[in-house]
Structures are given as C-alpha cells and as structure tokens.
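One structure is given here, and the rest of the page talks about it.
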Amino acid sequence: MPDSRPVAPSIAQRLETVRARIATAAADADRVAESIALVAVSKTNAVESIAEAYAAGQRVFGENRVQEAAAKFPALRADRPDITLHLLGPLQTNKVRQALALFDVIETVDREKLARALAQELSRGGPKPDMLVQVNVGREPQKAGVAPEQADAFIALCRDELGLPVRGLMCIPPADAEPAPYFAFLAELARRNGLPWLSMGMSGDFEIAIQQGATHVRVGTAIFGDRPPISQ
Ligand SMILES: *Cc1c(COP(=O)(O)O)cnc(C)c1O
C-alpha cells in the first residue's frame, strides 16, 4: 500500500512558494519583484537547513542573536562568500564590535546609547554595515524600537550627527492588529526622511507589507517551518 500521509514540503519547495507569493504581491501592487529582497530568517534553525536554503538559491539571511549568528555563519560563509546576513534582534552595546564584523545589515538601531556606540566603533575603521532604524510602531512596552514621535529626531541624530550609514526603517507591528496602517506609517516616515529601505512583513503578513512598499520582507517559518515556541 502506498503511504498516503502528507510529506512535509522541503525548504526548497517552501522557498519556491514564498518567492511565488512575493511575485504575485508585487504584481498586484504594480511593483517589480526584484525590488523586494527576501530575508530568510534562520534563527533557531540548524546550519544544515541554512545550507539547504542556500542550495535552493537563497543568499540573504537574518538572525536575531549575535551569539547564535557567530556560532553558525562563519562556517557557512567559508564556502559561501556571497551570503548576506542581517541582524534582526536587539543589539547590546557590548556586542557592537562583534556585530559590525559579522552582519552586512543591522536592522535594529533603536536608541541613542547604541547609536553612539556604533559610531564610536565605526570611527576606528573596519567593516561598515548598512543600518536601519527600528521603530516601535505600536508603542508596545515589550518591544524594541524608537517611539514613533521620536523617530524623526532619532534618524537625524543617527545619520546627520553621528554619520551612521542609515538606509531605512524596520518595524514589527503588534501581533494582534491589522498591520497595514502600521506599514503605511513606516513608509511615510521613510519617505519624509528620504530613506529608501523599508524592512517590514513576516510570514503572516508579507504580502500586505509589499502592498505598502516593503523593500525587505523577513520570512522565517514559511521557509524553515515552525520554530520551537521558546525561541520565538
Ligand atoms: C523571527 C522574526 C521574523 C520572522 O518571523 P516569521 O513569522 O517566522 O516569518 C521576522 N522579523 C523578526 C525581527 C524576527 O525576530
């Protein structure tokens, strides 16, 4: 008898599905799919799974912990120098040097102390990753990010006073709310500050984010499958 249990899709198949969904959302929004970068969020996933995604053509990855990224990516990069790595989680000032050496994009610049520590470390020379300012669009106390009403001033501090290479904005809207207004708010904030990159949208809402102008969508579970609950 043939086994009729459904076979879990492979990472390559899931990636294919996500790419197709991005293409459809882009077309619906009259945008070109190439203007949207897919960041595969590999936190909690093993090096083997990341290698599988790479083999299926994925090049951009995101991690939310410096320590975990430092444990996984140097080995992966040894054979795959075209990997690009984004930091998506909170950055402690004592890990700034390590983060600058490891990540190509730091998406979570969210407070003055961190901005100053980044500028201080950059002044010593060395790698200079692109940076995004994280905005706490829902003003949630448990979430990182600069408050919406302080965002313009914080962007000016980072970019104009400290000279950080700020390319855009990032947000994680409240989990239980309709995300579109938050994405629209972030897009308007980026527009009026002349910032081209908008990192917004995750597995559950990336099509809506693309509709609102996302240039980077951060997709984890739709590519790698469910994570253990404790690590989310
Ligand atoms: C985990 C994480 C994601 C991906 O979430 P999924 O729902 O698994 O797609 C995106 N952005 C950030 C900041 C994350 O921490």
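Side notes on the structure shown:
Residue-by-condition table, conditions (1) closer than 30 Å to residue 33 by Cβ; (2) modelled with pLDDT of 95 or more; (3) part of a loop (DSSP other than H, G, I, E, B); (4) not aromatic (Phe, Trp, Tyr):
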site	(1), (2), (3), (4)
134	yes, yes, no, yes
137	yes, yes, yes, yes
154	no, yes, no, no
168	yes, yes, no, yes
191	yes, yes, no, yes
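- Within the stretch 183-198, the set of residues being in contact (Cβ under 8 Å) with a residue 12 or more places away in the chain and more than 14 Å from the ligand (Cβ to nearest atom) comprises 184, 185, 187, 189, 190, 192, 193, 195, 196, 197.
- Residue 201 within 14 Å of the ligand (Cβ to nearest atom) and within 14 Å of residue 62 (Cα to Cα): yes
- Residues of the stretch 204-219 classified as assigned to a loop (DSSP other than H, G, I, E, B), within 13 Å of the ligand (Cβ to nearest atom) and in contact with a Leu (Cβ under 9 Å, 6 or more places away or on another chain), total: 1
- Just one of the listed residues (69, 55, 117) is modelled with pLDDT of 95 or more and surrounded by fewer than 18 Cβ atoms within 10 Å (Cβ to Cβ), and it is 55.
- Of the helices (runs of 4 or more DSSP H) lying entirely inside the stretch 22-116, those carrying at least 3 residues that are under 18 Å from the mean Cα position of the chain (by Cα) and within 16 Å of the ligand (Cβ to nearest atom) are 66-79.
- When residue 169 is tested against the conditions (1) within 16 Å of residue 43 (Cβ to Cβ); (2) of a type in the set (A, V, I, L, M, F, W, C); (3) touching a helix residue (DSSP H, G or I) at 6+ places or on another chain (Cβ under 8 Å), the lone failure is (1).
This table checks each residue for (1) out of contact with any helix residue (DSSP H, G or I) (no Cβ under 9 Å at 6 or more places or on another chain); (2) among the small types (Gly, Ala, Ser); (3) at pLDDT below 95; (4) over 21 Å from residue 214 (Cα atoms).
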site	(1), (2), (3), (4)
1	yes, no, yes, yes
16	yes, no, no, no
34	no, no, no, no
44	no, no, no, yes
85	no, no, no, no
96	no, no, no, yes
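The values are calculated or read from the model by the stated rules, or taken from the named source; none is laboratory data. These numbers come from a predicted model, not from an experiment. Heads up, the Cβs are rebuilt from the backbone with ideal geometry, glycines too, and the neighbour counts pull from every protein chain shown.
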